[in-house]
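Colleague: Sharing a structure here in structure tokens format.
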Amino acid sequence: MTAAITADGIRQRYGDVQAVDGVSLTVETGEFYGILGPNGAGKTTTLEILEGIRKPDEGRIELLGMAPWPRNRDLLPRIGVQFQASAFFNKLTARETIRTFASFYGVGPKRADAMLERVGLTDSASVMTDKMSGGQAQRLSIACALAHDPELVFLDEPTTGLDPQARRNLWDLLRDINGEGRTVVLTTHYLDEAEILCDRVSVMDHGKVLKTGTPAALVREIDDTVRVSVESGQIGLAAVRELLAAAGAETATVEDDGATLAIATRAPAPVLSVLAEQGALRGLEVRGATLEDVFLQLTGREYRA
Ligand SMILES: Nc1ncnc2c1ncn2[C@@H]1O[C@H](COP(=O)(O)OP(=O)(O)OP(=O)(O)O)[C@@H](O)[C@H]1O
């Protein structure tokens, strides 16, 4: 695979704030790459630097084999950018908007209309952009970023503020875009989204990349315990502790808050056997580590979507 993007040691300071503090990363061609991090981690600034919209204080970037800064006109038709807050022209309909964006790249109305169809907005083509719902506006902004058929697409929090149904619809669209061979780089506030969509993710905080890897590898690496829980009242706390010890089940914690009996363990099999033998499986849930646990361990912060 060849690299679509390589960034080496990028730094950006705003006054007293070191927004990006030595970020290096490589995005392979055709990859779906996610940048995760809490508010203010430096994701948007990093994205803007990679896109060639912002000149970094330091560092070297190659975008499709070229330097994106100073503004490189050869690159512009090859990349698509969807911004966090999309500003559309006032008093234009969805169709007029995408046709206008497409015309900037010499793309005709036919393809513009096809993109509108592609994002499921044909029925709303005559709606004024300021009357569109959040989900419609997000889809329109993605359509505008794709109108000129770019090979590399940047998306800054494309599903923020959408309801679960609209998010899932957008996931399908993003998966298709990537499935067609386009490289996709996105920032997101949703860890489930990153886990589902991204081939690899970088977790950022305080302007630095803390970890990069496939979501599965990052989750495996934290070697967290599995949480086994059942409804309370089926077996006493003392009894379960005794039985687990007798069964040689290695447990980190056994707790009962009156509603749920929860057992954290690295070896769930004997724990499940004990609970099954005692007929105490009502409400059983077994939960392994997720990207959210990785995030918590790396940043020490609760992820607030
Ligand atoms: N134009 C600017 N001028 C001054 N400070 C800025 C500017 N843009 C961002 N910052 C600051 O730089 C830091 C990184 O911001 P950035 O927007 O890159 O983070 P982010 O991870 O994208 O955050 P969010 O998830 O909230 O969008 C923050 O402390 C932010 O307040």
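The values are calculated or read from the model by the stated rules, or taken from the named source; none is laboratory data. These numbers were taken from a predicted model, which means no experiment stands behind them. Please note: Cβ atoms are built from the backbone with ideal geometry, for glycine as well, and neighbour counts cover all protein chains shown.
Colleague: So if I check each of I61, I49, which one is within 14 Å of the ligand (Cβ to nearest atom) and under 24 Å from V201 (Cα atoms)?
Modeller: The match here is I49.
Colleague: Sticking with this one: Being surrounded by 19 or more Cβ atoms within 10 Å (Cβ to Cβ), farther than 30 Å from Q12 by Cα and touching a Gly at 6+ places or on another chain (Cβ under 9 Å) is true for just one of L170, L155. Which residue is that?
Modeller: Sole residue among the options that is surrounded by 19 or more Cβ atoms within 10 Å (Cβ to Cβ), farther than 30 Å from Q12 by Cα and touching a Gly at 6+ places or on another chain (Cβ under 9 Å): L170.
Each row is one residue, and each column tells you yes or no for (1) under 30 Å from I10 (Cα atoms); (2) without any contact (Cβ under 8 Å) to a residue 12 or more places away in the chain.
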| residue | (1), (2) |
| --- | --- |
| M204 | yes, no |
| A216 | yes, yes |
| V219 | yes, no |
| A238 | no, yes |
| A245 | no, yes |
| T260 | no, no |
| L284 | no, no |
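Colleague: What number of residues within the stretch 196-218 satisfy the criterion of being more than 16 Å from the ligand (Cβ to nearest atom) and surrounded by 19 or more Cβ atoms within 10 Å (Cβ to Cβ)?
Modeller: So the count comes out to 5.
Colleague: Follow-up question, since we're still on this one. Which condition breaks for E221 when tested against (1) within 16 Å of the ligand (Cβ to nearest atom); (2) modelled with pLDDT under 95?
Modeller: Going through (1) within 16 Å of the ligand (Cβ to nearest atom); (2) modelled with pLDDT under 95 one by one, E221 breaks only (1).
Colleague: I'd like to check which strands (runs of 3 or more DSSP E) are fully inside the stretch 182-246 and have at least 1 residues that are within 30 Å of G80 (Cβ to Cβ).
Modeller: 183-188, 200-205, 208-213
Colleague: Is it the case, given these coordinates, that P68 is of a type outside the set (G, A, S), under 29 Å from L170 (Cβ atoms), in a loop (DSSP other than H, G, I, E, B) and more than 12 Å from the ligand (Cβ to nearest atom)?
Modeller: Yes: the conditions hold for P68.
Colleague: Related question: Inside the stretch 104-121, can you point out the residues that are aromatic (F, W, Y) and not in a helix (DSSP H, G or I)?
Modeller: Y105
Colleague: Moving to a separate point now. Give all pairs with beta carbons closer than 7 Å in which a residue from the stretch 56-76 that is closer than 11 Å to T6 by Cβ and touching a residue at least 24 places away in the same chain (Cβ under 8 Å) meets a residue that is of a type outside the set (G, A, S) and assigned to a loop (DSSP other than H, G, I, E, B); count only pairs at least 6 apart in sequence or on separate chains.
Modeller: Here the result reads I61/P68; L63/L75; L64/L75, each pair linking the stretch 56-76 to a residue that is of a type outside the set (G, A, S) and assigned to a loop (DSSP other than H, G, I, E, B).
Colleague: Need the failing condition index for E242 against (1) away from the ligand (no atom under 16 Å from the Cβ); (2) surrounded by 17 or more Cβ atoms within 10 Å (Cβ to Cβ); (3) of a type in the set (D, E), just the number.
Modeller: E242 satisfies every listed condition except (2).
Colleague: Go through the stretch 241-274 and report how many residues are modelled with pLDDT of 90 or more and on the phi > 0 side of the Ramachandran plot.
Modeller: Qualifying residue count for the region: 1.
Colleague: For the condition in contact with a strand residue (DSSP E or B) (Cβ under 9 Å, 6 or more places away or on another chain) and surrounded by fewer than 15 Cβ atoms within 10 Å (Cβ to Cβ), what is the one hit in G52, G30, G40?
Modeller: G40
Colleague: Then there's this: Does the stretch 77-103 hold any residues that are touching a residue at least 24 places away in the same chain (Cβ under 8 Å) and either part of a helix (DSSP H, G or I) or among the aliphatic types (A, V, I, L, M) (or both), and which are they?
Modeller: If the condition is that a residue be touching a residue at least 24 places away in the same chain (Cβ under 8 Å) and either part of a helix (DSSP H, G or I) or among the aliphatic types (A, V, I, L, M) (or both), then P77, R78, I79, V81, L92, A94, R95, T97, I98, F101, A102 are the ones that fit.
Colleague: Then there is this: Take the residues in the stretch 7-25 that are surrounded by fewer than 17 Cβ atoms within 10 Å (Cβ to Cβ) and of a type in the set (S, T, N, Q); name whichever of them is farthest from the ligand (Cβ to nearest atom).
Modeller: Checked the stretch 7-25; the qualifying residue farthest from the ligand (Cβ to nearest atom) is S24.
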